[in-house]
Amino acid sequence: MPDDTSPAPKLTRRDKLASYLPGSEPGIDDSFDENIYIRAFPDVARAVERGDLASGLQHYLLAGRAERRLQCPEYARQMAEDCATVEPPASVATEPHAPATSIDAFAVSDSGAMFLVGWTDDRHNQLVAISAGPTESASRDWTQFCRLRRSDVEAAVQSSTPYHYGFWVFAGPQDRSYRHAIDIGAEWRIELRFANGTMAVILRAPVVHGDAELRDSVMTYFATSNYFGNRWMEAFDNLDRGAGDALIAFNRSISRAMTAAATAERFGPQRERFKGSIIVPLFGIADYLFLQACAYAHGPGIEDYEFIYVVNSPELIDQLQREARIADMIYGLAQTLVFQSGNAGFGAANNVAVQFAQSDRLLCVNPDVFPRQRNWAQLHSDLVASLPAQQIRLFGSTLCYDDGSLMHGGMYFDVDAGVHTSQAGITRRNLIRVEHYGKGAPLWATQFMESRPVPAVTGAFISAERAWFERLGGFTEDYVYGHYEDADLCLKSLQSGVPAWLHDLRMWHLEGKGSQGLLQHEGGSLLNRWLFSRTWEATIIPELVGRTLRHPLLRAQAAERPTPAGPAEPQKSRTLPTTAAAKRSAGRPARSSRR
Amino acid sequence: MATKVLLVSLHHPELVRGGAQQVCYELFQELRQRPGVRVCLLASTDQSVPGLFKAGARITGFDGREDEFLFLSRAYDNWWHKVGEPLLIESFVEFLNTVRPDVVHFHHFMAFGIDLLTVTRRTLPDCRIIFTFHEFLAICAADGHMVRRTDQSLCEQASQVRCHQCFPEHGPEKFMVRKLWFMRHLDHVDCFTCPSRFMIGHYVNWGLPRNKIFRVTNGQRSYVPEVVHKPLPGPKNRFGFFGQLHGVKGVHILLRAVQLLRSEGFTEFCVEINGDNLRFATPPIREEIETFLAAEDSLSPTERLVLYNGSYHVDQLHTRMARIDWCIVPSTWWEIFGLVISEAWMFGKPVICSNVGGMAERVSDEVDGLHFEMGDPRSLAAVMRRACTEEGLWQRLHAALPQPPTRAEMADSYLRLYRASDPSEDLSSVRRVGGGIAELNA
């Protein structure tokens, strides 16, 4: 059967979509076309002609994306002109009248996870099933698909009715030996079946990637997908159709493989027992090792603490080993480097570090957190030794921006309610949003600075009794890369009878600067918000919504303090609809995976 | 028992010319002659002189010279100012343990790393650590010049946002961390010195404690030969520039002033440019200077106003100075001290200089020299014309020239710092001048 992947690249953007696979430029909108871009913008064409720019793509990445050039009328006009002469591709079908269809990207991982991206004009003949595999017996099947906008197809089809022509599907791994079964270069059979019984068959050789690479590609694609309607609602609706759970399971298998092989190297003076283990995951930026060593070293009491740096970037291992040796000579701190084979994510990285901790107290600290006070170690030790157990079992710290204002005085939850519309009807759902108390407030605003129980604290600084942390199962490793594990941990703790507390240790936090931020992390954050909302909606609504403490345990512990409870809530008149998802998850404890 | 002093220098003046290393070496040479003092010099070098790098070595001797050593710097991070090679640190620690100095006097941290202050303190807990600032590199990431990249104006005060404006690719928070990084290491210093008062103000504003900073002027040996020829009679219309030819030294301002005078028909003067390192100038400045000098070379000798004499050694100063009447210092940055000013005074040459920073502090306008508006070639051209034509001006200024500080005076001041356990108490003769600045010498 002839392959259906030969139509005009201007229409399918196949090469550009393939760029979502590793090794190419992230963040390129799927409607970007080099030729159209150059013709639409004469200033760019002149710059390329002069040699000031290498290509239109370079201009787009450097400036055009920020300038929203793809949304300019000139671009749309040029695209329409360009596509006007192009015939929509004909799919190859075993029976006539199958809708126009194309596969733009097809990848398989070492363990057999599969990722398929394409589009179909199934407005009048719904896509009902996809199967793909090297043989008919070894195929993977989907009956639910993630749908998204494809502005290139919209321009070609020239329909004014909003429709999600694009689709993608994902299936998780099979087994570790899968790669050996793949016949590299051999074409696989991809079947797309439609409601009227027609079928499109496309033969395509998959691109083979490592598991982590494929995960990153899928997350990047997910981060950059466009939709009609509310982006969150549409993305979450897609995740509900199985892709979310499949991606979570896939990521978990990747993380576990990485952390299972973790090894460590120790530097500096070692003790049988320290007062605390400061755990810092490093990703993409090695400088923080020596910057933190310098900032933390100059103060009384620091000799009672050890530092454990978990390396989520294997390419930095050599440099970090050198820096750890230098830091040992200069500062004399006890340091441990934990090596993994890749980015296991925030939760798994912290959990594996605990294996190597030589203390009964764990401090999970972001690389971009620095002490404001020289004697912070002494302050922390004194705090742990003097306060009641319920106040120090799990606590966070006030954190400050570099400009001197407050960045974090504890966390609370709020809810964004939205709707998703489809042919099946209108679905309402709640999305949980995590906010910081006092963000941007002056440090003299004591209501945000004082010690008190709070719904949650940021993982940028968490101090926890090791036994309690382990009893909670550590950080839940379902979350991809990072975000929401901290709130999840605090809610697990609250559910188990121990609310998080905030104490005023007053650290600097360069929020968002602690690691290299890549597009796939945005995709991970989106997925994590979906997971967190699904897991905790029934717990959070209504007792944990808003700034005011309504949860009985929080109120009780706040009342035991000599000072009043937290800031007042501005009155809102809003009812929060209970979604089907919330009903399903009511009473279900958070999933946690013991590392 | 002799006081053992280790001087740490950025470059050796034999390898790379520059003010900071010149001052450090003058101090080294003076201290060697003092009874009760045993001094070593550790100077950095980099891969620009690859022949000095020996396989497996990190610190070596230098040129057969007693007590002079080279630190073979590599893997240097020019943002955080640290070396990334553990063996270098190890070698430095071993060197400290070998020499066991009572005093470690840093004249720079560049090429060594600011964190070597901390490792020095850790290795020798009881030694005195002295740090002499020769520019503003701890405060300012723009080559330590405190000249704003946005508009080339002089920067009065660093802040996270202001530094971000000069370096938009780095967020304000990065400058907060940079300052934290520097401050933590500088905390280990017992005493700081600056050669000028205005510089002390900058560092105090930045956050260093005022009671730890002392002014010690940079001294030099005299380069004046025993036989000195009297100045020739006649118009004083010969100008000289001495120094490096990169942008902040302002040679291009001088050349533009020459062009202005030439365009006005005033050509009864000449200018001699002495120096090198044009390769370190920014491309536009370099192109301007090269174009001007090429055009000048194409003129007949009678039409030429500017001569480029190239680089010089300090031992050649007396011949170069003998060819001029005035020394021009047209720097477009603060210019911390200006050794060339001392050198000009040594040879009896009044200085025409920019009206800012160390230049304005040392040269008193209309008393022993002349100021012009920094960066303004018209202002400089007017002063040059006046210098050539005003009867008696040169003589009046020449007669009022101060004696440049000697290296013996400089060494005396530093020895007081080396030996005092608490300068604020023991140095009872320390004068507190305006702004509470502690003067160790006049």
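The values are calculated or read from the model by the stated rules, or taken from the named source; none is laboratory data. Computed from a predicted structure; not experimentally measured. As a convention, Cβ positions derive from the backbone with ideal geometry for all residues, glycine included, and neighbour counts pool all protein chains shown. Heavy atoms of the whole protein, side chains included, go into the accessibility calculation; ligands, DNA and RNA do not. Shrake-Rupley method; radii C 1.70, N 1.55, O 1.52, S 1.80 Å.
For residue A:299, state whether it is in contact (Cβ under 8 Å) with a residue 40 or more places away in the chain, among the small types (Gly, Ala, Ser) and within 14 Å of chain B (Cβ to nearest Cβ). Judged against the criteria, residue A:299 is a match.
Taken residue by residue, the range B:161-183 has at least one member that is in contact with a Phe, Trp or Tyr (Cβ under 6 Å, 6 or more places away or on another chain), more than 9 Å from every other protein chain (Cβ to nearest Cβ) and open to solvent by 20 Å² or more (accessible area, probe 1.4 Å). If you go through the range B:184-206 and pick out every residue that is in a helix (DSSP H, G or I), more than 14 Å from every other protein chain (Cβ to nearest Cβ) and crowded, with 20+ Cβ neighbours inside 10 Å, you end up with 4.
Per this entry, residue A:291 is counted among residues that are aliphatic (A, V, I, L, M), closer than 26 Å to residue A:370 by Cβ and touching a residue at least 24 places away in the same chain (Cβ under 8 Å).
Here residue B:145 clears all of (1) open to solvent by 30 Å² or more (accessible area, probe 1.4 Å); (2) free of Cβ contacts under 8 Å to residues at least 24 places away in the same chain except the condition numbered (2).
Quick one: is residue B:84 touching a residue at least 12 places away in the same chain (Cβ under 8 Å), within 11 Å of another protein chain (Cβ to nearest Cβ) and within 30 Å of residue A:292 (Cα to Cα)? Taking the combined requirement at face value, the residue does not satisfy it.
Of all the residues in the range B:89-108, those that are crowded, with 23+ Cβ neighbours inside 10 Å and either basic (Lys, Arg) or within 14 Å of chain A (Cβ to nearest Cβ) (or both) number 2.
Conditions (1) within 14 Å of chain B (Cβ to nearest Cβ); (2) among the hydrophobic types (A, V, I, L, M, F, W, C); (3) touching a Leu at 6+ places or on another chain (Cβ under 6 Å), marked per residue:
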{"position": "A:392", "(1), (2), (3)": "no, yes, no"}
{"position": "A:397", "(1), (2), (3)": "no, no, yes"}
{"position": "A:401", "(1), (2), (3)": "yes, no, no"}
{"position": "A:408", "(1), (2), (3)": "no, no, yes"}
{"position": "A:427", "(1), (2), (3)": "no, no, no"}
{"position": "A:432", "(1), (2), (3)": "no, yes, no"}
{"position": "A:436", "(1), (2), (3)": "no, no, no"}
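Summed over the range A:250-296, residues that are within 14 Å of another protein chain (Cβ to nearest Cβ), surrounded by fewer than 18 Cβ atoms within 10 Å (Cβ to Cβ) and either closer than 23 Å to residue A:379 by Cα or among the basic types (Lys, Arg) (or both) total 1. Is the range A:369-376 home to any residue that is more than 14 Å from every other protein chain (Cβ to nearest Cβ), touching a strand residue (DSSP E or B) at 6+ places or on another chain (Cβ under 6 Å) and closer than 17 Å to residue A:457 by Cβ? Looking through the range A:369-376, none of the residues is more than 14 Å from every other protein chain (Cβ to nearest Cβ), touching a strand residue (DSSP E or B) at 6+ places or on another chain (Cβ under 6 Å) and closer than 17 Å to residue A:457 by Cβ.
Taking first residues from the range A:220-237 that are of a type in the set (Val, Ile, Thr) and partners that are open to solvent by 20 Å² or more (accessible area, probe 1.4 Å) and not in a loop (DSSP other than H, G, I, E, B), the Cβ contacts under 8 Å between residues at least 6 apart in sequence or on separate chains come to A:220/A:519; A:220/A:520; A:224/A:519.
Suppose the filter is open to solvent by 10 Å² or more (accessible area, probe 1.4 Å), more than 12 Å from chain B (Cβ to nearest Cβ) and under 19 Å from residue A:511 (Cβ atoms); does residue A:356 pass it? No; evaluated as a whole, the condition is false for this residue. Scanning the range A:302-321 for residues that are among the charged types (D, E, K, R) and surrounded by fewer than 20 Cβ atoms within 10 Å (Cβ to Cβ), we see that the one that is nearest to the other protein chains (Cβ to nearest Cβ) is A:318. Among the residues that make up the range A:486-504, is at least one of them open to solvent by less than 10 Å² (accessible area, probe 1.4 Å), closer than 21 Å to residue A:280 by Cβ and within 14 Å of another protein chain (Cβ to nearest Cβ)? No: zero hits. The single condition among (1) modelled with pLDDT under 95; (2) not in a strand (DSSP E or B) that residue A:467 does not meet is (1). The condition of being acidic (Asp, Glu) and within 13 Å of another protein chain (Cβ to nearest Cβ) holds for residue B:77.
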